[in-house]
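Right, one structure below, let's go through it.
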Amino acid sequence: MLWLIWSISIVLSVLSLLVMGILILRRLLKQRRKAAEAQARQTVLRALITFSHDRDRQVLKQVVASVPPRVALDAGFEFLALLRGDEHDAVIALFAECDLSAEAGRQLRKGNAAARIHAAEMVAKFKSNDTAAALQMALERDRSREVRLAAAIALCDLDALPPLDAVLRQIGPTGQRSRRLVDLFRRLPADRFDELKAHIARPDTTTFVKSAAIEALARTGDHRLNDLFQQAAKEAIPDVAAAAVRALGLLGHPDAVPVLTEAMAHGDWSVRAEAAEAAGRLGLPDFVAPLLVLLDDDIWMVSYTAAKAMRGIPPLGEDRLREVAAGETSLRQRIASLVLAEGPA
């Protein structure tokens, strides 16, 4: 019995040493691989910098062919972020000749989630015959909602995005709550804005999609959207109303004064804060009286935003703010003093 125990102990000790040796060897190999990849990456970057000066295609192609495709692709697209115009297009064309588009497609299919998101952006740059099909497959089948959203953005850049209803179904309800949805909506061409307007008007559209659509349209500066935003500002859902109020401030149409004034008395503090900020953007004297009322708001952020807005409506708003700051000690007096101490609006 004692002999059996000693035998088991020896075997376990040997196994422990063997496992430790394997782990050490694995770590050494991993470090060597990382060092080799870092060196290859630097080689590609130096070759790209040289190419930007001498435009020697053959030298750059030789360097790209001498390193692993994944390293060449990642380093190359990092460098491409610094390029514009003909130089950018020349590097993309050279990468396509080196068949790096195939590596981008492989990463889109088989990489981890982060790699697939990045690959969607890279695949779209090559604009080959198979690009749209590969991205469409990712949009329809990828298990990650963020990858599906990245594929949709890439398809939009290629002007190959399917109808928005279909895209939102493929992204899924959870993916529709991503901030990148705003990026997708902003990239839509002007001839597809009607799809966004339709989603804003539809009662079954989710809150986040409505808000994202409003935010995207607000950046266009199209005053024809004023009526749509005014209607959305009266929505019962605070997030949608806040987005619409913010859009009215960005649009800067003077017809929005009654709606923004009404929004300053909204039951949700985020809508009141957005209304105060929008009033500061428009800078009209009509807003001074309701902004004075907001200085006494229970939410500090609302009263502070109102004071900032008054500071941006000279001379009337600034004069009223100075009167408050010179008055009796109170919360509104301290907020007014703080905003005035911050300097010019």
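Is the shape of the range 1-157 best called rounded, prolate or oblate, per the rule: a/c under 1.5 gives rounded, else a/b larger than b/c gives prolate, else oblate, with a ≥ b ≥ c the square roots of the Cα gyration tensor eigenvalues? Oblate shape, in that a/c is at least 1.5 and b/c is the bigger or equal ratio. Database remark: amide H of Lys127 closer than 5 angstrom to no amide H (H placed geometrically; neighbours at sequence offset of 5 or more, or on other chains; Pro and chain starts carry no H). Dividing the Cα radius of gyration of the range 74-133 by its Kirkwood radius returns 0.95 for Rg/Rh.
The Cα atoms of the range 124-210 give a gyration tensor whose axes a ≥ b ≥ c have a/c of 1.5 or more with a/b no greater than b/c, which makes the shape oblate. Computed from backbone phi with θ = phi - 60° and the Karplus coefficients 6.51, -1.76 and 1.60, the 3J(HN,Hα) list for the range 134-150 is 5, 5, 5, 5, 5, 4, 7, 10, 4, 6, 9, 5, 5, 5, 4, 5, 4 Hz; x is used for glycine and proline. Taking only C-alpha pairs under 8 Å that are 6+ residues apart, what is the relative contact order of the range 9-91 in percent? Computed value for the range 9-91: 28 percent relative contact order. Relative contact order of the chain, taken over Cα pairs closer than 8 Å and 6 or more residues apart, is 7 percent. Taking only Cα atoms and a 10 Å spring cutoff, compute GNM fluctuations for the chain and point out the largest among Gln176, Gln42, Gln136. Maximum among the listed residues: Gln42. Heavy-atom surface analysis with a 1.4 Å probe gives the chain a carbon and sulfur content of 56 percent of its accessible area. Applying the criteria of a DSSP loop state and at most 12 other Cβ atoms within 10 Å to the trypsin sites (Lys or Arg not before Pro) of the range 142-186 yields Arg143, Arg179.
Computed over the chain with a Gaussian network model linking Cα atoms closer than 10 Å, the most mobile of Ile49, Ile214, Ile24 is Ile24. Comparing Arg26, Arg219, Arg332 in a Gaussian network model of the chain (Cα springs below 10 Å), the most mobile by mean-square fluctuation is Arg26. Here the 3J(HN,Hα) profile of the range 81-90, calculated from phi with Karplus coefficients 6.51, -1.76 and 1.60 at θ = phi - 60°, is 4, 8, 9, 9, x, 4, 5, 4, 5, 5 Hz, Gly and Pro shown as x. Accessible-area rank, largest first, for His199, His266: His266, His199, with all protein chains present and a 1.4 angstrom probe. Each helix, a run of at least 4 DSSP H residues, gives -39500 (n - 2.57); summed and divided by the residues of the chain, these come to -24000 deg cm²/dmol at 222 nm. Cα gyration tensor of the range 191-285, axes a ≥ b ≥ c as square roots of the eigenvalues: rounded (a/c below 1.5), prolate (a/b > b/c) or oblate? Oblate. Protein heavy-atom accessible surface, 1.4 Å probe, per residue over the chain: 55 Å².
The values are calculated or read from the model by the stated rules, or taken from the named source; none is laboratory data. Remember, it's a predicted structure, so these values are computed and weren't measured experimentally. Neighbour counts run over all protein chains shown; Cβ positions are idealised from the backbone, glycine included. All accessible areas refer to the heavy atoms of the entire protein, side chains included, with ligands and DNA or RNA removed. Shrake-Rupley method; radii C 1.70, N 1.55, O 1.52, S 1.80 Å.
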